[in-house]
Amino acid sequence: MTTLTARALLLDMDGTIVNSDAVVERCWRRWAEEHGLDPEEALKVVHGRQGYATMAVLLPDRPMELNHEDNRRMLAAETADMDGVMPVPGAPAFMASLAALPHALVTSADRGLAEARMGAAGLPMPAVRVTAESVSASKPDPEGFLKGAAELGFAPGECIVFEDSEAGITAAKAAGMRVVGIGPRAAAHGPDVAVADLTRVRVETGADGDIALTVG
């Protein structure tokens, strides 16, 4: 068991509190096949990034305006497909425990997709959320996490990030934040602590307002 303390929590969405892997894999397999790519190789890099950034990794010589066009179509397809979207185990209780605590959603999804997936998973949308429209650079750039911390009114070092992907963990570290890794992808990318799901996380509040996390 590991105990961490923070003043605020920043939460990724996909793979961290919402299990959307089925949709993500369906959409990205189709896109990879349309572009003559190996879907299995493509799926290794899709998690955590905005779609256009993933496309730039997979097709580095492709004009970026084409990536942005495909990204818009991808977001529309993902927003229309909620089949298989569900909460990560432990997410409903975890989110309920944060209701009165400083926390924000920091996701590479746009606002519409975030609202659709959080709704499909039956999870409350945090009052503070940083979505794709809020930033100029995708994870692994730290902009989103830094913006989330600033909107909550806390320094980066006072925040703990919950993430599942390499891009997200890299972004959180670049922001100077500690990271709790969630799910099967996280442990390989050096979070401060990693667990299988949110049933392994307990949240308590100290008298001084600190958030105490027991993880493990």
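The values are calculated or read from the model by the stated rules, or taken from the named source; none is laboratory data. Predicted, not measured: the structure shown is a model, and the values here were computed from it. No Cβ is skipped: glycine too gets one built from the backbone with ideal geometry, and neighbour counts run over all protein chains shown. For accessibility, only protein heavy atoms count, side chains too; no ligands or nucleic acids. Shrake-Rupley method; radii C 1.70, N 1.55, O 1.52, S 1.80 Å.
If I filter region 80-94 for residues that are in contact with a Ser or Thr (Cβ under 6 Å, 6 or more places away or on another chain) and under 26 Å from Ala149 (Cβ atoms), do I get at least one hit?
Of all residues in region 80-94, those in contact with a Ser or Thr (Cβ under 6 Å, 6 or more places away or on another chain) come to 85, 89-90.
Subset that is under 26 Å from Ala149 (Cβ atoms): 90.
Yes, there is a match, as at least one residue in region 80-94 is in contact with a Ser or Thr (Cβ under 6 Å, 6 or more places away or on another chain) and under 26 Å from Ala149 (Cβ atoms).
Within region 148-178, being within 23 Å of Thr214 (Cβ to Cβ) and under 12 Å from the mean Cα position of the chain (by Cα) holds for Val161, Phe162, Glu163, Asp164, Gly168, Ile169, Ala172. If you go through region 144-152 one residue at a time, do you hit one that is in contact with a strand residue (DSSP E or B) (Cβ under 7 Å, 6 or more places away or on another chain), more than 20 Å from His47 (Cα to Cα) and among the charged types (D, E, K, R)? Yes, the conditions are met somewhere in region 144-152.
Please verify whether Leu75 is modelled with pLDDT under 95 and not charged (D, E, K, R), treating the condition exactly as stated. I'd like the intermediate steps shown before the answer.
Values: modelled with pLDDT under 95: yes; not charged (D, E, K, R): yes.
For Leu75, the condition - modelled with pLDDT under 95 and not charged (D, E, K, R) - is met.
With respect to the conditions (1) surrounded by 17 or more Cβ atoms within 10 Å (Cβ to Cβ); (2) modelled with pLDDT under 95, Glu40 lacks only one, and its number is (1).
Just name the residue that is nearest to Trp31 (Cα to Cα) out of those in region 65-81 that are among the hydrophobic types (A, V, I, L, M, F, W, C) and surrounded by fewer than 17 Cβ atoms within 10 Å (Cβ to Cβ).
Applying the first criterion (among the hydrophobic types (A, V, I, L, M, F, W, C)) to region 65-81 yields 66, 74-77, 80.
Of the ones still in play, those that are also surrounded by fewer than 17 Cβ atoms within 10 Å (Cβ to Cβ) are 66, 76-77, 80.
Values: Leu66: 13, Ala76: 13, Ala77: 11, Ala80: 16 Å.
Among those residues, the one meeting the criterion is Ala77.
Going through (1) within 30 Å of Val215 (Cβ to Cβ); (2) at pLDDT 95 or above; (3) assigned to a helix (DSSP H, G or I); (4) open to solvent by less than 30 Å² (accessible area, probe 1.4 Å) one by one, Leu123 falls short only on (3). What about Phe154, is it surrounded by 22 or more Cβ atoms within 10 Å (Cβ to Cβ) and aromatic (Phe, Trp, Tyr)? Here the answer is no, as Phe154 does not meet what is asked.
Specify the residue that is farthest from Val88 (Cα to Cα); the eligible residues are those in region 157-203 that are of a type in the set (A, V, I, L, M, F, W, C), touching a Pro at 6+ places or on another chain (Cβ under 9 Å) and open to solvent by 60 Å² or more (accessible area, probe 1.4 Å). Here the answer is Ala174.
Of note, Arg7 does not satisfy the criterion of being loosely packed, with under 14 Cβ neighbours inside 10 Å, in contact with a helix residue (DSSP H, G or I) (Cβ under 9 Å, 6 or more places away or on another chain) and under 26 Å from Met118 (Cβ atoms). Within region 149-171, residues that are in contact (Cβ under 8 Å) with a residue 12 or more places away in the chain have Cβ atoms under 7 Å from residues that are surrounded by fewer than 24 Cβ atoms within 10 Å (Cβ to Cβ) and acidic (Asp, Glu) in these pairs: Ala171/Asp141, counting only partners at least 6 apart in sequence or on another chain.
Within region 1-17, the set of residues being within 23 Å of Asp110 (Cβ to Cβ) and either of a type in the set (D, E, K, R) or in contact with a Ser or Thr (Cβ under 9 Å, 6 or more places away or on another chain) (or both) comprises Leu11, Asp12, Met13, Asp14, Gly15, Thr16.
Only helices (runs of 4 or more DSSP H) wholly contained in region 1-99 count here; list those with 1 or more residues that are touching a residue at least 24 places away in the same chain (Cβ under 8 Å) and touching a Gly at 6+ places or on another chain (Cβ under 7 Å).
Working: elements: 21-34, 39-43, 51-58, 64-80, 91-97.
Where helices (runs of 4 or more DSSP H) fall fully within region 1-99 and carry at least 1 residues being touching a residue at least 24 places away in the same chain (Cβ under 8 Å) and touching a Gly at 6+ places or on another chain (Cβ under 7 Å), they are 21-34, 64-80, 91-97.
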